[in-house]
Every structure is written in structure tokens, then in C-alpha cells.
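Only one structure is covered here, and it is reproduced in the block below.
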Amino acid sequence: MGWINGKTKICGIFGYPVEHSFSPAMHNAAFKNLSLNRAYVPFPVRPENLAYAVEAMRTLGLAGVNVTVPHKQAVTEFLDELSPAARLSGAVNTIVNEGGVLTGHNTDGEGFIRALAESAGSEYIRGPVLIIGAGGAARAVAVALALSGTEEIIIANRTEARAAELSSLLEESTGCSVMAFKWEGQPAEGSPEHREWAAVLDRVKLLVQTTSLGMRPAVDTYPSIPYQLVHSGQVAVDLVYNPPSTCFMNKCREAGAVVYNGTGMLLYQGAIAFELWTGREAPVDIMRRALEDSISRRG
Ligand code: ATR
């Protein structure tokens with residue numbers, strides 16, 4: 001930390017727990033690469049201390065922070081401004097401090113969009129898109145897609161009420177057409193559920209797996225959808241990044257789809273936060289290397 005001096009600006013991450021985060025490695029590598037006099041620090045913030053931590057951004061003059069589990073929703077009430085994506089998703093993962101005015105952004109969804117555009121191509125944003133899951137990650141991605149011009153989103157979730165809630169939010173606030181349905185495991189061939197899946201998988205261009213299924217250590221788990229209906233011409237993205245290749249990805253690849261994991265979203269949510277804090281273009285290749293090194297060291 002030889003570069004820290006009287007003019008160093010501090011960024012960081014509020015979470016609890018926070019020691020698992022890959023963001024310090026990614027952002028400190030970027031600051032170093034561009035010779036910026038900044039440091040990025042993990043802050044373990046207990047839920048009952050969140051309001052004090054946000055106030056400390058003003059009193060200590062922190063330049064900006066990321067916000068992670070379990071604070072992404074709760075933090076919204078302590079901020080001065082919210083970006084459209086943060087307002088609509090009800091979640092913030094990045095705060096920018098401009099002279100004591102704190103603005104909340106959601107770069108998770110925007111990170112997904114940038115990663116998709118870079119890997120598969122921006123034409124996939126148009127949709128139709130199938131989103132598996134309806135939790136916080138699904139909401140961030142769905143909101144960003146709807147705000148970026150996706151014409152149709154289909155949400156499949158185990159708990160129907162959550163899928164319906166996300167669907168109404170999108171339909172009320174964006175021009176996107178949304179369909180929500182309950183997903184209850186592998187549908188029997190010939191059943192009405194199977195026919196519904198067939199109609200959906202026939203027309204979607206992009207599949208996004210947003211549940212925690214497949215995440216280390218549960219690497220053998222995956223959403224039980226009819227993978228035989230997945231086909232070439234489709235792109236399938238798993239938001240899971242550890243392990244780098246999941247059962248969902250393997251099954252979609254075997255069925256003919258082009259597949260990606262969640263590393264790109266993680267990288268670009270960081271790159272966009274970096275750009276919001278510094279006004280500089282993020283050194284994406286440096287950040288990618290730091291991220292991949294950290295993930296592989298974690299194993
Ligand atoms: P995150 O912020 O990571 O999205 P979350 O908000 O807890 O986490 O959402 C988890 C998502 O994974 C939900 O869609 C959840 O389905 P429910 O809404 O029915 O709970 C889904 N999920 C988690 N474990 C699952 C499982 N074993 N089978 C099916 N869906 C699962």
C-alpha cells in the first residue's frame with residue numbers, strides 16, 4: 001500500500017459478510033494500472049449499522065462504495081438520489097458520493113447488458129428472453145433488459161407470486177411485454193406444462209439462469225427444465241461464475257446453444273462502478289485478469 005498518502009481517495013464495499021468479495025482485487029488492480037491515488041477497502045457492515053455506514057461516507061469523505069448482500073435493498077432509503085435502474089429494481093449495488101450527495105446506482109443489470117453485448121452481441125438484448133428465477137439477481141437483469149429495449153421477457157420461477165410480482169413491476173414501468181409462469185421441475189412430455197415450455201423455448205433467443213443452483217459447493221445442481229428443447233441459435237447465460245462451467249451451461253451447450261457464465265456480469269458491474277467513481281474508462285482487461293485470478297485461487 002505504498003501509494004497511500006494524504007490525498008488518497010477511498011472506495012470500498014459494504015456487505016456482511018464481505019471477506020469473500022472479489023471486488024477489492026479487481027478495483028485495486030485498476031487503480032494501480034491507471035496510477036490513480038485511490039484504494040478500495042472491504043467494510044463488514046452489520047445490518048443494524050447500515051445507516052451509520054452510509055452516513056460515514058459523508059463524514060469520512062469516501063468517494064464511493066459498492067453494496068452487496070444483505071444491504072442492496074435496505075440501503076435505498078438512506079440515499080439522496082437513485083438512478084432509474086436502481087429505483088425500478090429497488091436495489092443499489094453502487095453509491096457515488098459527490099460532495100456529500102449520495103446517489104445509488106444498480107450496475108449489476110447494466111453489467112449484464114454490457115457483458116452480453118461484448119460476448120454474444122447486442123442483438124440478443126431485443127429478446128425474447130427467458131429468465132429462470134425471480135430473486136434479486138433476476139430483478140436487476142430484467143429491469144436492465146426492459147430499460148434497454150427488450151421487447152418480451154418470460155419469467156419462470158418456483159414461487160409463482162415472485163414471478164408475478166416482477167412481471168407486474170416490468171409491465172407497469174416499461175414498454176416490455178412480460179409473461180410469468182410457475183416452474184415446478186421437469187415437465188412430463190405431452191403435459192400442458194411441457195407444451196408451454198416448448199412454445200417458450202421455441203421462440204426465445206436468450207436464456208438467463210439467475211438462481212443459485214449450480215453455485216459452488218452445490219456444483220451438481222441445476223434448474224430442471226426440458227433441455228432437449230434448447231436449440232442452436234440461442235444464447236444461454238448462467239449468472240453463476242464459480243464454478244466457471246455449470247451443469248446448466250453444459251446441458252444448454254449439448255443442446256446447441258452458445259453459453260456464457262456470470263464472470264462477464266461481475267466484471268462489468270465493477271467496470272461501470274469504476275467509471276462512475278473516477279470518470280475514467282475502466283481498464284477492463286486488467287480487471288478481468290484480477291477477477292479470474294481471484295476466482296481460480298478461491299477454487
Ligand atoms: P439472488 O439475490 O441471488 O437472486 P434470491 O433473491 O434469494 O437471491 O433469489 C433466489 C432465486 O433462486 C429465486 O428465484 C428462488 O426461487 P423462489 O423465488 O421460488 O425461492 C431461486 N431458487 C433458489 N433455490 C432454488 C431451488 N432449489 N429450486 C428452484 N429455484 C430456486
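Miscellaneous remarks
- For LEU82, the residues whose modelled amide H falls within less than 5 Å of its own, excluding neighbours fewer than 5 places apart on the same chain, are GLY104.
- Relative contact order (%) - the range 109-261, alpha-carbon pairs under 8 angstrom, separation at least six: 20 percent
- Backbone amide hydrogens, once placed in the peptide plane, bring VAL240 within less than 5 Å of GLY262, excluding anything fewer than 5 places away on its chain.
- Backbone N within the range 69-113 under 14 Å of label point (7 Å from GLU172 Cα along the Cβ vector): 88-90
- Of the whole protein surface, VAL69 contributes about 100 Å² of accessible area at a 1.4 Å probe radius.
- Since only VAL259, GLY185, ALA146 are under comparison, the one whose Cα sits farthest along the positive direction of the charge dipole of the range 109-261, derived from C-beta charges on Lys, Arg, Asp and Glu, is VAL259.
- For SER83, the solvent-accessible surface with a 1.4 Å probe is about 10 Å², rounded to the nearest 10.
- For GLU160, solvent-accessible area (1.4 Å; no DNA, RNA or ligand), Å²: 100 Å²
- Where labels lie 7 Å past Cα in the beta-carbon direction, separation of GLU281 and ALA161 in nm: 4.9 nm
- Amide H contacts for MET179 (H built 1.01 Å from N in the peptide plane; partners 5 or more residues away or on another chain; cut-off under 5 Å): ILE153, ILE154, ILE155.
- Relative to the Cα centre, the charge distribution of the range 109-261, modelled as +1 at Lys and Arg Cβ and -1 at Asp and Glu Cβ, gives a dipole magnitude of about 280 debye.
- Full-stretch length increase - VAL101, MET179 - with 0.36 nm per residue and alpha-carbon distance subtracted: 24.3 nm
- Counting every pair of alpha carbons in the range 1-90, the share spaced more than 21 Å apart comes to 36 percent.
- Table column - 3J(HN,Hα) (Hz), the range 112-125, Karplus curve with 6.51, -1.76, 1.60, x for Gly and Pro: 4, 5, 5, 5, 5, 4, 6, 8, 8, x, 5, 5, 6, 5
- Helix-only CD estimate at 222 nm, as mean residue ellipticity for the chain, using -39500 (n - 2.57) per DSSP H run (n ≥ 4): -12000 deg cm²/dmol
- With θ taken as phi - 60° and the Karplus curve 6.51 cos²θ - 1.76 cosθ + 1.60 applied, the whole-hertz 3J(HN,Hα) list for the range 67-72 is 10, 10, 3, x, 9, 4 Hz, x standing for glycine and proline.
- Looking at the range 62-125 alone, DSSP beta bridges between its own residues are antiparallel in about 80 percent of cases.
- Close Lys-Lys pairs in the chain, where close means Cα under 24 Å and separation is 8 or more or interchain: 6
- Excluding ligands, DNA and RNA, the accessible surface per residue across the range 109-261 is 43 Å² with a 1.4 Å probe.
- For the range 109-261, the fraction of C-alpha pairs more than 24 angstrom apart is 24%.
- Ranking by accessible area, most exposed first, for LYS205, LYS32 with a 1.4 Å probe: LYS32, LYS205
- Across the range 185-291, the mean sequence separation of Cα contacts (distance under 8 Å, 6 or more residues apart), normalised by length, yields a relative contact order of 21 percent.
- Length-normalised contact order of the chain in % [C-alpha pairs under 8 Å, at least 6 apart]: 16 percent
- In the range 109-261, the portion of solvent-accessible area held by carbon and sulfur atoms comes to 49 percent [1.4 Å probe, whole percent, DNA, RNA and ligands not counted].
- Among ASP108, ASP202, ASP238, the sequence by solvent-accessible area, most first, with a 1.4 Å probe is ASP202, ASP108, ASP238.
- In Hz, Karplus ³J(HN,Hα) per residue of the range 83-92 (6.51, -1.76, 1.60; θ = phi - 60°; x = Gly, Pro): 5, x, 5, 5, 5, 5, 7, x, 9, 10
- Column: log10 I(q)/I(0), Debye, Cα scatterers of the chain, q = 0.13 Å⁻¹: -0.90
The values are calculated or read from the model by the stated rules, or taken from the named source; none is laboratory data. Nothing here was measured: the structure is a model prediction, and the numbers come from that model. Glycine gets a Cβ as well: all are built from the backbone with ideal geometry, and neighbour counts include every protein chain shown. Quick note on the areas: whole protein, heavy atoms, side chains included, nothing else; ligands and nucleic acids left out. Shrake-Rupley method; radii C 1.70, N 1.55, O 1.52, S 1.80 Å.
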